[in-house]
Number of protein chains: 2
Amino acid sequence: MGPGPANANPRVLAAQAMPLLGHMHPPFFKIMDEIQAGLRYVFQTSSEYTCLISGTGHAGMEACITNLLEPGETIVIGDKGIWGARAADMAGRFGVNVVDLKKEAGKTFTIAELEAALKEHKPAVLFLCQGDSSTGVHQNLAGLGELCHAHGALLLVDTVCSLGGVPFFADAWGIDAMYSGSQKVLGAPPGAAPLFFSERALKKLRERKTKPMSYNWDLNLIGDYWGWFGSRSYHHTGMVSMWYAMREALQIMGEVGLEGMWARHKRLHEDMWKGLTAMGLEPFVANPADRLVTVNTIKVPEGVDWLALNKFAMDTYNVELAGGLGPTLGRVWRVGIMGYNATPANVELVLTSFREGLKAQGKLKA
Amino acid sequence: MGPGPANANPRVLAAQAMPLLGHMHPPFFKIMDEIQAGLRYVFQTSSEYTCLISGTGHAGMEACITNLLEPGETIVIGDKGIWGARAADMAGRFGVNVVDLKKEAGKTFTIAELEAALKEHKPAVLFLCQGDSSTGVHQNLAGLGELCHAHGALLLVDTVCSLGGVPFFADAWGIDAMYSGSQKVLGAPPGAAPLFFSERALKKLRERKTKPMSYNWDLNLIGDYWGWFGSRSYHHTGMVSMWYAMREALQIMGEVGLEGMWARHKRLHEDMWKGLTAMGLEPFVANPADRLVTVNTIKVPEGVDWLALNKFAMDTYNVELAGGLGPTLGRVWRVGIMGYNATPANVELVLTSFREGLKAQGKLKA
């Protein structure tokens, strides 16, 4: 019940035990087609430009940055937690001009702030993280695609810890590029980064003057393996077992349905906060509308040993609770409500862990 | 029986169905330690600097290049097939000065040729591919480490399709950096690149003036996740299922033993060629000492439709044979003898496929 990897659905794990197909064999291409259909549903897009990056969420981040930007171009990074900082690090390594738009941990950006940054810096790309797992904030994205396009920028979004657990509409929101992770709400093992490009993003890629700096993440070539351009060429060897897992994970998403997923995650988030509040615990994120459903940040009360409580939860109940990360280190616990782990019984176990853990430290208020 | 991915051992596939551990949990670190012990054995090294790159062989290649070289430094690439060409492409994207030392497909480099290139170009790195899967040649590496060091260069080696099937001695041969693949002789699914750095290579990395261009492949950070520097920091989320698979694959390597693996692959290679020769088929690689045991290139005789024969083998016997790649396209078949697939029964099935396939085209000579 940390911020991920979450437990995988046993159906997904079992899919990985199937015999390997060849990475360029027609039956495997059919599996890739099915994965793309599943991704289009989960992203809510009709774009043909979806695929899995053979790597974790970090690989998805790096792939988007190196493909969308040429050296010397500008990216404005909405930096409100560790993921903005990391995107800035990656872009800087590729010779991109980075504008680091900082925001206090626990807060989100307003449209006015972003518009001012777009006007001032005229970036090629604006980066935002929908669900920041280091702070537990949920950045609202509606309307931002239009705003970016009006200022000649592309909108790049990180949905690693949010996709499938909260609403996301790639087309309706005008998102241009997005990457996610396999091991959070989607309930598969770590190792695949679902990726989306809009027509606008693809046009930028196809009209580049320089090659993307990384061969491994060159979407002109990866896209050609995934059939974006009508044929299939070898670029790298697809991660056969991992992709079986992703096909199964996406199949499960389709069975439950996105509305069902979003509603279940929201309900469990509310149930958990009801219980936490009754114990006197408080949310790190002040504005209720900014609270992320899939990764919840809980303030560590004065005098409580957060690490000892985590150890107690693991030793007593086999429950993983996480501490803070980056700007929230030592200040919060982080509790994930994600995919296969998002059940009433698991939320109950988290609440029991906090109740008994605080009691063991003589700090239970209620 | 193509050049890979080969079938995985069912034990390895089953390992992937185990429940996920957290990527920063002590039990998972123990698995990482065990993987490193297995890698040290398979590489024949006592170096502490081994790990899995979370990606395929291409990722291993890119990781070695971006970590060993700073922009403006020179790499001499022993280019005798598609892998040299690809390494040249990758290095060029990172701003490295590339010397493309070309060699006719089917031939290997002599020590004298390499020495001349080292003297002339004074590179920071010499790249060589031990087993070139596009041409079926085996580059002898003994003595080359010493030669490189005498000229101030590091020796970087690709063993993607050869490791475990033919002798390799990282320490005794003075190799400085090496990457391989999971899905060939090691008998695991595609998705992990075993990697090795010598003390010399690590020193180069630690004394860089610039950061490696890719955050994902930054071995200062990856090494810190694998415990190279005494502690453990989060860099990316380890590919939990894939690493279970690699632990099991390395365990099997230990059970069989490297000498047993090398002897079995050599014997089956000889048995196969005995059968092929009896049908009038000829090796693409003229010099017997240069023939790679794990990927065998067989000349397509005049008037034979190689693609039709491959289709016949697949349709009739469920056996994959491959055509050429890069410089050998249309000129050869490629047959893998690799790991779990390296059995007398499979070699027999390959011979039957050729015999009956040639017969079906009216081209069987013997």
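Values quoted throughout were computed directly from the atomic coordinates according to the rules given, and no laboratory measurement underlies them. Just so it is clear, the structure is predicted and the values come from calculations on it, not from any experiment. Note that we place each Cβ from the backbone using ideal geometry, even for glycine, and neighbour counts take in every protein chain shown.
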Set of lysines with alpha-carbon distance to residue A:203 below 24 Å, sequence-local pairs under 8 removed: A:119, A:122, A:211
When all Cα-Cα pair distances of segment B:1-44 are considered, the percent exceeding 17 Å is 55 percent
Inverse of mean 1/r across different Cα pairs in chain B, Kirkwood, Å: 21.0 Å
Sum -39500 (n - 2.57) across every DSSP H segment of at least 4 residues in chain B, then divide by the residue count to get the 222 nm mean residue ellipticity, nearest 500. -12500 deg cm²/dmol
What does the average come to when, for each residue of peptide A:214-221, you count the partner chain Cβ atoms lying within 10 Å of its Cβ? 5
Compute the projected area of the convex hull of the Cα atoms of segment B:182-261, averaged over all viewing directions, and report it in nm² to one decimal place. 6.7 nm²
Over all alpha-carbon pairs in segment A:257-360, figure out the percentage whose distance exceeds 19 Å. 39 percent
Output the Kirkwood hydrodynamic radius of segment B:166-303, Cα pairs only, in Å rounded to one decimal. 18.4 Å
Sorted from largest down, what three extents in whole angstroms do the Cα atoms of the protein assembly as shown have along their principal axes? 87, 48, 48
Set of lysines near residue A:365 by C-alpha distance (under 30 Å), chain-local residues within fewer than 8 positions excluded: A:107, A:266, A:274, A:299, A:311
Is there a simple number for the mean count of other chain Cβ atoms within 10 Å of the Cβ of residues in B:240-246, and what is it? 5
Longest DSSP-loop-exposure-free segment, GluC sites (Glu not before Pro), chain B, at most 12 other Cβ within 10 Å: B:1-103
Any idea what angle helix A:258-278 forms with the longest principal axis of chain A, computed on alpha-carbon atoms, 0 to 90 degrees, nearest 10? 30 degrees
Long-range amide H contacts for residue A:73: which residues qualify at under 5 Å (H placed 1.01 Å from N, peptide plane, sequence gap of 5 or more or a different chain)? A:97
Would you mind checking the tilt of helix A:26-43 against the longest principal axis of the Cα atoms of chain A, expressed as 0 to 90 degrees and rounded to 10? 60 degrees
Checking rank on A:124-135, A:226-237, with mean other Cβ inside 10 Å and highest first, the result is A:124-135, A:226-237
Using the scaling law 2.2 N^0.38 Å as the reference, what is the normalised Cα Rg of segment A:67-136? 1.05
Other protein chain Cβ atoms within 10 Å, averaged over every residue that makes up B:20-26: 4
Dipole axis of segment A:10-255 (+1 Lys, Arg; -1 Asp, Glu on Cβ), positive-most option in A:106, A:29, A:83: A:29
Please list, short to long, the whole-number percent of alpha-carbon pairs of segment A:123-220 in consecutive 5 angstrom bins beginning at zero. 3, 12, 21, 23, 19, 14, 7, 1
